[in-house]
1. Normalising by the residue count of the chain, find the relative contact order in percent from Cα pairs under 8 Å and 6+ residues apart.
2. Rounded to the nearest Å, what's the spacing between the alpha carbon centres of region 88-140 and region 182-197? Just the number, please.
3. Leaving ligands, DNA and RNA out of it, report the carbon-plus-sulfur percent of the accessible area of the chain at a 1.4 Å probe.
4. Could you name the aspartates and glutamates in cross-link range of K166, using Cα to Cα under 19 Å and dropping any fewer than eight places away on the same chain?
5. Taking the mean number of other Cβ atoms within 10 Å as a proxy for protection, how do you rank 84-92, 71-79, 16-24 from highest to lowest?
6. Report the calculated FRET efficiency for L156 and A182 (r = Cβ-Cβ distance, R0 = 22 Å), to the nearest 0.05.
7. Can you tell me the order of 190-196, 33-39 when each peptide is scored by its average per-residue count of other Cβ atoms within 10 angstrom, highest first?
8. What nm value, rounded to one decimal, do you get for the distance between Y163 and E95 when each label is placed 7 Å out toward the C-beta?
Amino acid sequence: PKLSRYASDPSIKGSKLEALAQATNDFLAQGNKVIIKTNYVTGVIDDIAKAVGGKGRNVLVVYGDTQPRDRKNPYFLFKNDPDHNILVTSSVTEESVDLTTGDVPCALIEVEPAMSPRESQQFTGRVYRRGQRAPVTYASLVTQSPLLDKMMIAYLHQIEKEYGVKIPSKFRPRTIDADMLAMRKAKEEIVNKIYGG
């Protein structure tokens, strides 16, 4: 819920935010620089920066409201300054940006699964390119929530009673992350079949 501007209690930390902070800590402990990308900026990107920051960490943030001329310095610091190991960004960093870290390993974390193979390739292409000699790790967080599934079913049963509609017996609720991941996998299979990879 903390990763939503509609969260009813802002003091609650969502499990996804906690998993993101833990993954960031793990990657940093392994000597990686970390780039975190989210598609949801309003009310989310600052929470992410706070969750992965602290402990004297310098977290760089670049998103759509960051003027193009003001993006160069954070990108430069991330690439070249050992004291700036975390970059939190939106899709503005998907194209035409070189974030190679040379001999320093880099981890890319997508807070939500990419909607298409192109989006995923553009994001990984910021680091996984000529000039990158150290390993690049890619991770995508996919939320699954049995509690949300139960709430959705209860809501649908309420609609069924109130409006006399029938819920298909095979209906199974899925989180939007699971749908996005399934869609991306289906698109990748189509691309691989048509173009051979």
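1. Numbers: 276 pairs, mean separation 37.6, N = 197.
After rounding, I find 19 percent.
2. First find each Cα centre; the distance between them is then 20 Å.
3. Values: 6410 of 11880 Å².
The C+S portion of the solvent-accessible surface of the chain is 54 percent.
4. Straight-distance partners of K166: D149.
5. Details: 84-92: 22.0, 71-79: 16.3, 16-24: 18.2.
For the peptides 84-92, 71-79, 16-24, the packing ranking is 84-92, 16-24, 71-79.
6. Details: r = 20 Å, r/R0 = 0.92.
Between L156 and A182 the formula returns 0.60.
7. Numbers: 190-196: 9.4, 33-39: 23.1.
Answer by packing, highest mean first, reads 33-39, 190-196.
8. Going by the 7 Å Cα→Cβ label model, 3.8 nm.
The values are calculated or read from the model by the stated rules, or taken from the named source; none is laboratory data. Bear in mind the structure is a predicted one, so any value in this text is a computation, not a measurement. For neighbour counting, all protein chains shown are included, and Cβ atoms are generated from backbone atoms with ideal geometry for every residue, glycine included. Just the protein is used for accessible areas: all its heavy atoms, side chains included, with ligands, DNA and RNA removed. Shrake-Rupley method; radii C 1.70, N 1.55, O 1.52, S 1.80 Å.
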